[in-house]
Amino acid sequence: MIDPRSGPVRRSPPLLSPYLQLAIILLAGLLTTACGGGGGSGSSPGASAAEPVPEVAPEPAAVSKTPNILLIMADDLGYNDLSINNDNNAIDTPNLDQLAREGVRFTRHYATAVCSPARAALLTGQYPERNGYLPNGRGLSAELVTLPERLQQEGYTTWHIGKWHIGARQRTAWPDHQGFDHWLGFLNQWRLAGKREGGKLVPAGPRYENPWLQGDSDPGSYYEGHLDNILTDKAIEVLADLDSSGEPWFLNLWYYAPHTPISPAKEFAALYPDTQQGRYRALVNQLDSNIGRVLTQLEAMGALEETIIVVVSDNGGTNRESDNNAPFPGTKATLFEGGLRAPLIIRWPDSSYNRQVFDHVISIQDLYPTLLDAIGLAPGSDIDGQSLFPAIQGDAAAPQRNLFWEHVASYSVLSADGRWRLYQLAPIFYQERPATLYDYLADPTASVETVPPPEEPLSQLQAAHLDWYRDVHTVKTRYSVEGSGGTLSGMDFLRTPGFGGYTFGLGFSADYSGQLVSQAGIWDLSVTGTTVMASFGDLVMAGDIEE
């Protein structure tokens with residue numbers, strides 16, 4: 001792998017082990033021809049599981065060592081931004097393409113409309129709506145067992161590097177309270193500038209150059225260079241330390257590319273036209289090169305065949321600089337196909353599972369139980385995701401169930417057989433836009449709605465959504481009586497009124513005066529005479545009780 005800091009390269013050499021070098025030399029002419037055409041939409045969206053994959057040299061047999069897990073997330077990488085998905089020669093992802101050939105490429109992986117819900121779903125195995133991500137949430141409640149916490153229980157050392165965006169305001173929402181032994185990164189992109197007012201960090205525009213980062217051993221400081229290069233350098237350093245320990249590890253490496261602002265490092269920008277599209281292609285190529293550097297480190301350590309490698313995107317692309325999601329309509333922040341279908345690759349230590357194109361419907365919350373299943377662990381009974389591991393092994397059919405999404409004022413349902421997608425604005429908007437139904441059998445890209453929508457699938461999906469909505473929006477709490485009052489416990493991050501649409505009602509006698517309810521360090525509610533006062537930190541609101 002070529003380190004971009006030693007000299008820019010238009011196409012980084014593909015991720016190759018020594019045992020693959022000869023095979024790739026022999027295949028070079030064929031691969032060049034195959035990538036020369038096809039533009040942005042060369043293959044069908046639901047590629048057959050029997051789709052041919054380029055021949056590669058035999059891989060070593062599976063190892064018996066407990067596998068490590070490297071989980072890499074890109075930010076806003078669309079389906080069409082992974083070159084191999086559409087044979088797209090307008091984008092440069094040679095390392096990811098090679099990883100996809102060596103591993104399992106998923107063609108119908110669905111994430112979420114924006115990043116926070118996807119990240120919460122991945123780490124919990126639950127629908128993000130269940131934890132208040134609509135789309136943003138205050139954090140993951142302490143009683144949830146996150147993926148890194150489960151791995152910690154099995155002796156894994158856990159590291160998080162990069163973007164978090166699952167909670168910043170409450171200290172208990174940070175990575176080191178959610179299962180990570182160590183971390184370095186940024187809690188959200190508005191902290192990258194490190195702007196302060198009155199001694200406190202305040203939100204500011206995100207940036208890649210000279211970012212402000214923090215972690216368990218660093219309360220916060222500026223780092224010189226390009227953000228994603230810095231994260232890669234740190235990941236390589238951490239991998240070397242983890243390898244020397246001899247214990248299994250989980251590295252959660254969440255990049256910021258190709259999220260806006262589109263600002264590639266100079267050595268990559270110089271390789272492309274100075275246009276919006278050119279800069280975007282440069283940033284994607286830089287992301288690919290950095291992932292290649294990390295995988296080269298794994299190979300140098302001798303850990304490549306002992307590690308489950310996952311590369312995933314949190315949502316579809318924005319389509320601002322390029323047609324990120326072709327051939328699908330919709331963009332990030334929408335519940336249409338292009339906003340939800342996102343790249344996913346998994347490379348397994350056991351070579352018999354690899355070299356597949358997996359075209360069954362899966363969801364990002366399936367990664368939690370799949371990874372645990374792959375290392376012989378059973379996930380808890382309270383998760384929504386389902387393990388794909390038996391299907392990947394060829395021992396069982398892929399799981400089938402309806403999938404659901406919410407975003408701001410709309411919702412969507414995908415039928416269990418993967419044929420129908422329902423899109424509808426939230427109930428208060430029904431009169432403005434009727435429900436629309438898309439038939440993947442008639443139109444695999446889900447670009448044209450079925451008019452009129454068939455009544456049977458429409459009514460079935462609407463009823464299924466209502467049941468799901470009632471389930472995930474019910475906050476499961478416990479109440480214990482203490483004297484004249486009591487304590488409400490459970491799902492602490494969902495019990496702050498007004499955040500994410502959650503609230504509750506409270507009754508009290510007309511002559512009562514004093515504190516009604518409080519959540520330590522967050523908010524409290526009291527009544528004096530006929531005046532009710534609510535305090536949320538520095539924000540104080542008061543109102544009179546009407547007779």
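The values are calculated or read from the model by the stated rules, or taken from the named source; none is laboratory data. As the structure is a prediction and not an experimental result, all values here were calculated from the model. Note: ideal-geometry Cβ built from the backbone for every residue, glycine included; neighbour counts use all protein chains shown. Each accessible area value is taken on the protein alone, full model and side chains, heavy atoms only, with ligands, DNA and RNA left out. Shrake-Rupley method; radii C 1.70, N 1.55, O 1.52, S 1.80 Å.
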Quiz item: Restricting the search to the stretch 383-416, which residues are touching a His at 6+ places or on another chain (Cβ under 9 Å) and outside any strand (DSSP E or B)?
Solution: 388, 391, 397, 398, 399, 400, 402
Quiz item: residue 511 passes all but one of (1) part of a strand (DSSP E or B); (2) acidic (Asp, Glu); (3) open to solvent by 80 Å² or more (accessible area, probe 1.4 Å); which number fails?
Solution: (1)
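Per-residue answers, yes or no, for (1) in contact with a Gly (Cβ under 7 Å, 6 or more places away or on another chain); (2) free of Cβ contacts under 8 Å to residues at least 12 places away in the same chain:
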residue	(1), (2)
235	no, no
240	no, no
247	yes, no
252	no, no
262	no, no
275	no, yes
278	no, yes
285	no, no
290	no, no
Exercise. Please verify whether the stretch 181-191 includes one or more residues that are open to solvent by 20 Å² or more (accessible area, probe 1.4 Å), without any contact (Cβ under 8 Å) to a residue 60 or more places away in the chain, among the basic types (Lys, Arg) and out of contact with any His (no Cβ under 9 Å at 6 or more places or on another chain).
Key: yes
Practice problem: Among what's in the stretch 362-383 and is among the acidic types (Asp, Glu) and open to solvent by 40 Å² or more (accessible area, probe 1.4 Å), pick the residue that is farthest from residue 472 (Cα to Cα). | Solution: 373
Quiz item: Under the condition of being part of a loop (DSSP other than H, G, I, E, B) and touching a residue at least 60 places away in the same chain (Cβ under 8 Å), which residue from the stretch 466-508 is farthest from residue 426 (Cα to Cα)?
Solution: 490
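Residue 206 - would you say it is open to solvent by less than 20 Å² (accessible area, probe 1.4 Å) and in a loop (DSSP other than H, G, I, E, B)?
no
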Quiz item: What pairs can you find where one residue is in the stretch 137-153 and without any contact (Cβ under 8 Å) to a residue 40 or more places away in the chain, the other is assigned to a loop (DSSP other than H, G, I, E, B) and open to solvent by 20 Å² or more (accessible area, probe 1.4 Å), and their Cβ atoms are less than 8 Å apart, with a gap of 6+ or different chains?
Solution: 152/181
Quiz item: Filtering the stretch 151-170 down to residues that are surrounded by 22 or more Cβ atoms within 10 Å (Cβ to Cβ) and out of contact with any strand residue (DSSP E or B) (no Cβ under 9 Å at 6 or more places or on another chain), which residue is farthest from residue 410 (Cα to Cα)?
Solution: 167
Practice problem: Answer yes if at least one residue in the stretch 349-361 is surrounded by 23 or more Cβ atoms within 10 Å (Cβ to Cβ) and closer than 20 Å to residue 251 by Cβ, and no otherwise. | Solution: yes
Quiz item: Of the conditions (1) surrounded by fewer than 20 Cβ atoms within 10 Å (Cβ to Cβ); (2) touching a helix residue (DSSP H, G or I) at 6+ places or on another chain (Cβ under 7 Å), residue 326 fails just one. Which one is it?
Solution: (1)
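Only one residue in 123, 140 is modelled with pLDDT of 95 or more, buried (at least 24 other Cβ atoms within 10 Å of the Cβ) and in a helix (DSSP H, G or I). Which one?
123
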Quiz item: Is it the case that residue 340 is at pLDDT 95 or above, open to solvent by less than 10 Å² (accessible area, probe 1.4 Å) and over 15 Å from the mean Cα position of the chain (by Cα)?
Solution: no
Self-check item: residue 442 vs. criteria modelled with pLDDT of 95 or more, open to solvent by 30 Å² or more (accessible area, probe 1.4 Å), hydrophobic (A, V, I, L, M, F, W, C) and over 30 Å from residue 144 (Cβ atoms)
Solution: yes
